[in-house]
Every structure is written in C-alpha cells, then in structure tokens.
1. Pull up the stretch 47-96, narrow it to residues that are assigned to a loop (DSSP other than H, G, I, E, B) and charged (D, E, K, R), then point me to the one that is farthest from THR114 (Cα to Cα).
2. Scan the stretch 110-119 for residues that are outside any strand (DSSP E or B) and in contact with a strand residue (DSSP E or B) (Cβ under 9 Å, 6 or more places away or on another chain) and jot them down.
3. Could you tell me how many of the residues in the stretch 52-103 are loosely packed, with under 15 Cβ neighbours inside 10 Å, of a type outside the set (Ser, Thr, Tyr) and without any contact (Cβ under 8 Å) to a residue 24 or more places away in the chain?
4. Looking at the stretch 112-119, can you tell me whether even one residue there is surrounded by 12 or more Cβ atoms within 10 Å (Cβ to Cβ) and either assigned by TED's automatic domain parsing to the domain that holds THR58 or touching a residue at least 60 places away in the same chain (Cβ under 8 Å) (or both)?
5. Which residues, taken from the stretch 145-157, are in contact (Cβ under 8 Å) with a residue 60 or more places away in the chain and assigned to a loop (DSSP other than H, G, I, E, B)?
6. Take the conditions assigned by TED's automatic domain parsing to the domain that holds LYS145, of a type in the set (Lys, Arg) and closer than 13 Å to VAL140 by Cβ and apply them to LYS95. Does it pass?
Amino acid sequence: MKSGWSRYGHPCHFFLFAQPIFDNDSMKKNLLFVLILTFGAVIGCGGKGLVPVGGKITYDDGSPVTSGGVAFQTATYMADGQIQPDGTYTLSSIKPGDGLPPGNYKVTIGSSETGPNESTIYLVDPKFGDREKTPLSVEVTKGGKNQFDFTVTKPEK
C-alpha cells in the first residue's frame, strides 16, 4: 500500500472502484434519478426565454458610476453585470450578455473600494446594495427595450 493513499490508490479512484456502496438496487435507482434530475435542470436552464438587459448608472449630479456591480433579482432568480467605466452595464445569467427572463425584479447596485487599514469606502449609498432597502425595481418584458438607467446617490459622510 502506498504511503498517504487509501487502498484504492489515488483518492479520486475511490469513486471509480467503490462499487459496494451502490450494490443496493434502490440506491442505484436513487442515484440515477438524481443524475437525470441534475442533467435535466442543466439542460432546462440553457437560457431559452432570456432577453438582453442593460443600461447606465449615474450619480444624481449626472456623472457615471465607474465601477461596481448591478443585480436584478427575484426570490428565485438573479442576473448580474459589471459596471463599466462609462457607467454602462449588461446583465448576464448563464453566459455573458444573455440577459434574464421577463418579470418583475428588485435592483441592487453596489460600488466600493478599499481604503486605509483595509476599510471599505462606499462609492454608492449602501441602501442601493441591500435587497430589502433598495428603492429600485423594474419590469423586464419580452418585447420591450429593456434598457434601464438608474440614478443613485453617494453615501452621506
């Protein structure tokens, strides 16, 4: 037996040779069910029905928010995007820029940088980054423009 390894050799080989764990027919059926369910979820979530969404985020003085992130979310779904230096964003769910399904969404926006002593300096009022406190919400539609521009405030000092 090799030092540091199990009787199966490399630790990953355990899963290839550990047949006694799955001798029970009901265990095999349960495993097959879980694999089919997982595969179906992955295939079923392939991005059908997504609509592109983007926009621009500015401060109340008209200047763009130049970094950070934006997320559109429901209780069961979320898409997010990075804020670009010109304030624009494009949402992604599965692959870059694919958007999200039509529906009503809460919108969260966050932007911060690291300050002295590793402290966080917020560049956007933190209420916009809190799903419970954000005043922002939108309705994404299948045939609509789905370009959402937001105006945010800087944090109070």
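The values are calculated or read from the model by the stated rules, or taken from the named source; none is laboratory data. Computed from a predicted structure; not experimentally measured. All Cβ positions, glycine included, derive from the backbone under ideal geometry; neighbour counts span all protein chains shown.
1. Keep residues of the stretch 47-96 that are assigned to a loop (DSSP other than H, G, I, E, B), which gives 47-50, 52-53, 60-63, 65-68, 74-77, 83-87, 91, 93-96.
Right, trim to charged (D, E, K, R) and you get 48, 60-61, 86, 95.
Values: LYS48: 39, ASP60: 23, ASP61: 23, ASP86: 21, LYS95: 29 Å.
Result: LYS48.
2. As a first pass, look at the stretch 110-119 and keep what is outside any strand (DSSP E or B): 111, 115-119.
SER111, GLY115, listed by residue number.
3. Counting residues in the stretch 52-103 that are loosely packed, with under 15 Cβ neighbours inside 10 Å, of a type outside the set (Ser, Thr, Tyr) and without any contact (Cβ under 8 Å) to a residue 24 or more places away in the chain gives 6.
4. First, pick out the residues of the stretch 112-119 that are surrounded by 12 or more Cβ atoms within 10 Å (Cβ to Cβ): 112.
Keeping just the survivors that are either assigned by TED's automatic domain parsing to the domain that holds THR58 or touching a residue at least 60 places away in the same chain (Cβ under 8 Å) (or both) gives 112.
Yes, the conditions are met somewhere in the stretch 112-119.
5. Let us first name the residues in the stretch 145-157 that are in contact (Cβ under 8 Å) with a residue 60 or more places away in the chain, namely 146-154.
If the condition is that a residue be in contact (Cβ under 8 Å) with a residue 60 or more places away in the chain and assigned to a loop (DSSP other than H, G, I, E, B), then ASN146, PHE148, ASP149, THR153, LYS154 are the ones that fit.
6. On the way: assigned by TED's automatic domain parsing to the domain that holds LYS145: yes; of a type in the set (Lys, Arg): yes; closer than 13 Å to VAL140 by Cβ: no.
So LYS95 fails the test.
Condition check ((1) over 20 Å from the mean Cα position of the chain (by Cα); (2) in a loop (DSSP other than H, G, I, E, B); (3) surrounded by fewer than 12 Cβ atoms within 10 Å (Cβ to Cβ)) across all residues:
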residue: TYR105; (1), (2), (3): no, no, no
residue: THR108; (1), (2), (3): no, no, no
residue: ILE121; (1), (2), (3): yes, no, yes
residue: THR134; (1), (2), (3): no, yes, no
residue: GLU139; (1), (2), (3): no, no, yes
residue: GLY143; (1), (2), (3): yes, yes, yes
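Yes/no per residue for (1) within 27 Å of PRO126 (Cα to Cα); (2) in contact with a Ser or Thr (Cβ under 6 Å, 6 or more places away or on another chain); (3) modelled with pLDDT under 95:
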residue: LEU35; (1), (2), (3): no, no, yes
residue: GLY44; (1), (2), (3): no, no, yes
residue: THR58; (1), (2), (3): yes, yes, no
residue: ALA71; (1), (2), (3): yes, yes, no
residue: TYR77; (1), (2), (3): yes, no, yes
residue: PRO85; (1), (2), (3): yes, yes, no
residue: SER93; (1), (2), (3): yes, no, yes
residue: ASN104; (1), (2), (3): yes, no, no
residue: THR108; (1), (2), (3): yes, yes, no
